[in-house]
Amino acid sequence: MNYALCFPGQGSQEIGMGLELYNTFHSAKDVFDEADDALSFKITGIIFDGQDEELKRTAVTQPALLTMGVAAVTVLEKEMGVTLSPTCGAGHSLGEYTALVSSKVLSFRDAVELVHKRGEWMQDAAPEGVGSMAAILGLGVSEIIKICESVAPNMECQAANFNSPGQTVISGVREFVEKAMAEALASGAKKAIPLNVSAPFHSRLMMPAALRLRKQFENYRWSDAAWPIVSNVSSAPVSLAQDIRKALFEQTYSPVFWADSVIRMAKDGVDAFLEFGPGGVLTGLNKRCLKGLTPKDGAAKFVTMFASTPKELEAMAEYITGNKNE
């Protein structure tokens, strides 16, 4: 069995996520407590008992999801005795940072502080109301790119997330995003859905945030990855610390090629995609990306699963340990 560890980005968060882990396992409590200690506010209070609007603030969402993902991996390893040896790891946008913690590139403490700053700087890069994002469903990628280029010749709107066949997210200046949505519907898109986000992520408007992040990278210790991380910007595995930092810088203002990343992992022999986080957002995308593909190692089908609760992690642990010799 060849498996990949997958970590979701913004949109997967929910109030109460991780609380059962926190109350059940000392190692999970330690992770959440360390997040509180590393940040200038008590993030556990927001995650466990806050309001949705508070958790949706990108400077909160990003460290919250990273903490959730790291806590789940920690429980799998320390409480359930699983020795992780994945073929690779990957994360969607913010999730790429969680993947880096899992592969020992960054310490958790450094990462939770870094993504909090990332969230603040991404919000600062585009004042609220200036930018927006929208999901375009049922229209080809090439057609969406042509539409963005037509309505926004200076890249005021661009394709930002290539999530799965039939689902592409656009991002940029609000008026240009709205024009692209209208044009997409006129061109045959099934739906054009505005996203409830606080900034136009993965667009050129994020360049100021990217530049601040690149400078901030110098304040942390980076190691080569224990296993390769499939980069959002290239859909290729990276392992060297210097290459990872370059990819993270570019990722801030560049599209996320998630569908290509999943297909690349499958072609490289991955037959199981294990997501750490609530809701299974990536698991749903992964299933659509894998449709029509056949596992390389002769497995009957691809496995896609997610876990964020003790019961779900127990099922994942049983799957990994029960298949490790196959």
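The values are calculated or read from the model by the stated rules, or taken from the named source; none is laboratory data. As the structure is a prediction and not an experimental result, all values here were calculated from the model. FYI the Cβ positions are ideal-geometry reconstructions off the backbone, even for glycines, and counts take in every protein chain you see.
Just one of VAL197, VAL233 is surrounded by 18 or more Cβ atoms within 10 Å (Cβ to Cβ), modelled with pLDDT under 95 and assigned to a loop (DSSP other than H, G, I, E, B); which is it?
VAL197
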- Note on the structure: Note: among VAL101, VAL115, VAL105, VAL141, just one is free of Cβ contacts under 8 Å to residues at least 40 places away in the same chain, assigned by TED's automatic domain parsing to the domain that holds VAL230 and of a type in the set (A, V, I, L, M), namely VAL101
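For the range 44-64, which residues satisfy the criterion of being in a helix (DSSP H, G or I) and among the polar types (S, T, N, Q)?
Those that are in a helix (DSSP H, G or I) and among the polar types (S, T, N, Q): THR44, THR58, THR61, GLN62.
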- Among the residues of the range 245-254, is there at least one that is touching a residue at least 40 places away in the same chain (Cβ under 8 Å), outside any loop (DSSP other than H, G, I, E, B) and of a type in the set (Phe, Trp, Tyr)? yes
- Message: If I filter the range 297-320 for residues that are under 15 Å from GLY9 (Cα atoms) and out of contact with any helix residue (DSSP H, G or I) (no Cβ under 8 Å at 6 or more places or on another chain), do I get at least one hit?
- Response: no
- Query: Of the residues that make up the range 158-181, is at least one among the polar types (S, T, N, Q), more than 22 Å from VAL105 (Cβ to Cβ) and surrounded by fewer than 16 Cβ atoms within 10 Å (Cβ to Cβ)?
  - Reply: no
- Query: Here are some residues: ASP37, ASP52. Which one is more than 21 Å from SER261 (Cβ to Cβ), surrounded by fewer than 16 Cβ atoms within 10 Å (Cβ to Cβ) and at pLDDT 95 or above?
  - Reply: ASP37
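Looking at the range 69-92, can you tell me whether even one residue there is among the polar types (S, T, N, Q), crowded, with 17+ Cβ neighbours inside 10 Å, closer than 30 Å to TYR22 by Cα and touching a residue at least 60 places away in the same chain (Cβ under 8 Å)?
As a first pass, look at the range 69-92 and keep what is among the polar types (S, T, N, Q): 74, 83, 85, 87.
Restricting the remaining residues to those that are crowded, with 17+ Cβ neighbours inside 10 Å gives 74, 87.
Checking which are closer than 30 Å to TYR22 by Cα leaves us with 74, 87.
Subsequent filtering for residues that are touching a residue at least 60 places away in the same chain (Cβ under 8 Å) retains 87.
Yes; the residues of the range 69-92 include at least one that is among the polar types (S, T, N, Q), crowded, with 17+ Cβ neighbours inside 10 Å, closer than 30 Å to TYR22 by Cα and touching a residue at least 60 places away in the same chain (Cβ under 8 Å).
Looking at the range 92-139, which of the residues that are in contact with a Pro (Cβ under 7 Å, 6 or more places away or on another chain) and among the β-branched types (Val, Ile, Thr) is farthest from GLU183 (Cα to Cα)?
Here the answer is VAL112.
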- Residues of the range 298-315 classified as of a type outside the set (Lys, Arg), surrounded by fewer than 22 Cβ atoms within 10 Å (Cβ to Cβ) and over 17 Å from ASP268 (Cα atoms), total: 6
- Message: Regarding the range 29-38, can at least one residue be identified that is farther than 26 Å from GLU314 by Cβ and under 21 Å from the mean Cα position of the chain (by Cα)?
- Response: no
